[in-house]
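Visitor: One structure is given below, represented as structure tokens, and several questions about it will come after.
The values are calculated or read from the model by the stated rules, or taken from the named source; none is laboratory data. Because the structure is a prediction, the values reported are computed rather than measured. Because the Cβ atoms are built from the backbone with ideal geometry, glycine has one as well, and the counts that use them run over all protein chains shown.
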Amino acid sequence: MHNPGPVPQPPRKKSPWLWIGLGCGFLSVLTVVAVVVAFVLVVIDDDRGGTFDVGESFEIQNVHYTIRAVHTGVPAIGDALQYARPDQHGAFVLVVLRVINEIPVELAVDTPEFLLYSGGTAYTPSAEAGAAALIDSDFRFDDSTEYGTVNARELRDMPLVYDAPDTDITHMTITPGPTPTSR
């Protein structure tokens, strides 16, 4: 008798679960990497503000800001028509902010977002005193437009006037919203 050898087995079917498991694992790793990259980009590329010293420039969505100067000990601002004196401190602190508006619409700068820190206290600018500074001949600001407004494609020096002590000014911060306020 002749021995035919082992009986041939039908080919074994490969389980799809291996590929499904590998695919799910790969997608999980990819998702974790995407979340980490998104978090890093939000934290590192946060163009919504920060702390700035005199002379520093910063940009927020095609609007460039430079803190040009800080004047301390200003007893009063304005002229006979519009005159402002500090309520709480003996003098104003005037910060000259250069704004370059590169967007194609008029920009309304939200001045309360520019905080001046002195002695651990945050001070907001006085809109009334800032408007008075526009017509003060000592500072020579441009008073052709409304206070806080920068026309499209315009460079403008804007006064931010604070009723704050000038002895220990530490820094200035800006915390604007995600988009410029335009009219």
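Visitor: Cβ-Cβ under 7 Å, sequence separation 6+ or interchain: first residue in the stretch 62-80 and at positive phi, partner acidic (D, E). Which pairs?
Guide: These pairs meet every condition: N62/E102; G73/D166; G78/D136.
Visitor: Same structure again: Please enumerate the residues belonging to the stretch 110-123 that are under 16 Å from the mean Cα position of the chain (by Cα) and under 24 Å from R85 (Cβ atoms).
Guide: Step one: filter the stretch 110-123 for residues under 16 Å from the mean Cα position of the chain (by Cα), giving 110-116.
T111, P112, F114, L115, L116, listed by residue number.
Visitor: Would you please name the residue that is modelled with the lowest pLDDT, looking only at residues in the stretch 130-140 that are more than 24 Å from the chain's Cα centre (by Cα) and surrounded by 19 or more Cβ atoms within 10 Å (Cβ to Cβ)?
Guide: The extreme case among them is D136.
Visitor: Out of all the residues in the stretch 86-102, which are under 16 Å from S137 (Cα atoms) and surrounded by fewer than 20 Cβ atoms within 10 Å (Cβ to Cβ)?
Guide: Of everything in the stretch 86-102, just one residue is under 16 Å from S137 (Cα atoms) and surrounded by fewer than 20 Cβ atoms within 10 Å (Cβ to Cβ), namely V96.
Visitor: Within the stretch 111-146, which residues are part of a strand (DSSP E or B) and touching a strand residue (DSSP E or B) at 6+ places or on another chain (Cβ under 6 Å)? Steps first, answer last, please.
Guide: Residues of the stretch 111-146 that are part of a strand (DSSP E or B), as a first pass: 114-118, 121-123.
Residues satisfying the conditions are F114, L115, L116, Y117, S118, A122, Y123.
Visitor: Report the residue count in the stretch 73-110 for those that are modelled with pLDDT of 85 or more, touching a strand residue (DSSP E or B) at 6+ places or on another chain (Cβ under 7 Å) and assigned to a strand (DSSP E or B).
Guide: Summing the residues that are modelled with pLDDT of 85 or more, touching a strand residue (DSSP E or B) at 6+ places or on another chain (Cβ under 7 Å) and assigned to a strand (DSSP E or B) in the stretch 73-110 gives 14.
Visitor: Looking at D53, is it surrounded by fewer than 14 Cβ atoms within 10 Å (Cβ to Cβ), of a type in the set (D, E), modelled with pLDDT under 80 and farther than 25 Å from A108 by Cβ?
Guide: So D53 passes the test.
Visitor: Could you pull out the residue among L27, L41 that is at pLDDT 70 or above and over 30 Å from P159 (Cα atoms)?
Guide: L27
Visitor: Considering each of T124, T66 in turn, give the residue that is more than 20 Å from L155 (Cβ to Cβ), surrounded by 14 or more Cβ atoms within 10 Å (Cβ to Cβ) and at pLDDT 85 or above.
Guide: Checking each option against the conditions leaves just T124.
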